[in-house]
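The values are calculated or read from the model by the stated rules, or taken from the named source; none is laboratory data. Remember, it's a predicted structure, so these values are computed and weren't measured experimentally. As a convention, Cβ positions derive from the backbone with ideal geometry for all residues, glycine included, and neighbour counts pool all protein chains shown. When the accessible area is computed, the model is the full protein with side chains, heavy atoms only, and any ligands, DNA or RNA have been set aside. Shrake-Rupley method; radii C 1.70, N 1.55, O 1.52, S 1.80 Å.
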Amino acid sequence: MDGNKMQNEPNTEVEVGATTSVYDMSVQNKRKRKGLTGLRNLGNTCYMNAVIQCLSCTTPLVEYFFSWQFEKFVSREKKEMVNAFANLMTDMWFGKDQYVSPEDFLSVMNKVHPPFGKRIQQDAQELLIYTLNALHEDLSNNKKKAADNAGSSSMGSNASESIITRLLQGVIRQNTTCLVCGNTKHKDDNFTVLSLSLASEDETSVQECLECFFQQVSLTGTDKIFCVFCKMKQNATVKAQIWKLPRILMLHFKRFEYKSHRKRKLKTSVEFPLNNLDLSPFLSSSNAKPQMYKLYAVVNHFGELDFGHYTAFCKHPETKEWNAFNDIRYFQISESKVQTSSAYILFYSSQAFSLPQKTSSCSSC
C-alpha cells in the first residue's frame, strides 16, 4: 500500500488546538451563510472534503467558474472535470443546503485516478495535485492527459495557460555551477505545490523549512555533474531560487516518512505566520518581485499514518472569520486555534479576497 494512504479514519470528534470542538446541530436551524457548506463523507473521503473546502474559499478560482468566461468555454466543449467542479462550487456557494454530497466530483476523480474511487483513505496532497492538473488540462488547449502528469506538482514547462497556471503556478530556477571553471547552467521548473521537509523532528518553523528547501547543495564524488566546458565530470553546487511567485502559494509538509520497512507520521509542530509570510530571501533578485502572503486555508491531518482524519480550516472572504470543516460539520473557531501541529497543507494568497460573484447564466455551472 502507498505509504501516504491511511486505511481507516477514526470516528471521533476532531481536536482543534488543545480542545475538542463539537458541532452544534442547532446550526441546521440557522440561516446559512454563503460559502459555509459541509460535505458528506462518502466512505473515507475526508481527505477529498478537506481539499475541496480549501479550494472553495480560493475566491479568484471559484469566481472564474461563476463567470461568463467559463460559460463561453463550456459552450465550446463539454468537459467532465470542469463541470463537476463548477457544479460543486455552485452548490456550496449558492445552494440552500447545510451540506452537499460530492458524488459527481468523486466519480470524475475516479476516472482521473481510479484509487480515488475506492473506500480507502488517500493522501490529501495527492488529491490536490490531481485535481489541479485535471482542471488545467480541461481548461487549456494542451491535449496531453492529466494522467501524464500524475503525482507531479507542476503543470510542465510547455503546458498551455489556464486559470490554474495564472493563479497557482510559480517558477523555480535551478542554478548548477561547476566548481572548476565556474560555468553556471540554469533549469526552470514550474510548481503549484511546494513540498517541504521538516527541518526538525521537535519544533520548527515554515521559514526554517523553506531555508532547507532552498539551501545550496554540493555535488561531489558519485554525484559529480558533467561540465560541457571542462568536457568531464566535476564537483559542482546547485542552488534553487524562486524565479516567479504565484498569486496563490500552497505549502505541503512532508509528515509521512518512509525508510526501509519503517513508516511513521511526523507530528512536528511547525510555526507558520497567518500574515506577512515573506519569501524574499528565496527570490532571484534579477526577476521575481517580492510579495507578502496571508494565510486563508489549512488542510489538517489528525491521528496516525494508518489511522487518521483530515479536516480544513478556512477564512471566510466576507466575514474574515475562521471556520473548521469536518465533513458535514462546520463551526467557527478563533484565529488562535488555526495553528496546530496537525497542519498538513497551507494555502496563502498575495491578494485580499472578497465574496465571489456569480455572473454566469450557464445551466451546467
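Counting 0.36 nm for each residue step from ASN183 to MET232 and taking away their Cα separation leaves a gain of 16.4 nm.
Peptide packing: for 235-243, 344-352, 81-89, the average count of neighbouring Cβ atoms within 10 Å per residue gives the ranking 81-89, 344-352, 235-243, highest mean first.
May I ask you to give the percent of accessible area on segment 251-365 that is carbon plus sulfur, with a probe radius of 1.4 Å? Whole-percent figure for carbon plus sulfur exposure: 47.
Beyond 22 Å in Cα-Cα separation lie the following of the pairs LYS187/LYS231; LYS187/LYS254; LYS244/LYS320: LYS187/LYS254; LYS244/LYS320.
Let a ≥ b ≥ c be the square roots of the eigenvalues of the Cα gyration tensor of segment 253-365; is it rounded (a/c under 1.5), or, if not, prolate (a/b larger than b/c) or oblate? Oblate shape, in that a/c is at least 1.5 and b/c is the bigger or equal ratio.
With 22 Å as the limit, write out which pairs from LYS34/LYS358; LYS96/LYS358; LYS294/LYS315; LYS32/LYS315; LYS315/LYS337; LYS111/LYS267 have Cα-Cα distances beyond it, or answer none. Violating the 22 Å limit, Cα to Cα: LYS111/LYS267.
Once you order the gyration tensor axes a ≥ b ≥ c over the Cα atoms, which shape class does segment 228-294 get: rounded for a/c under 1.5, otherwise prolate or oblate by comparing a/b with b/c?
oblate
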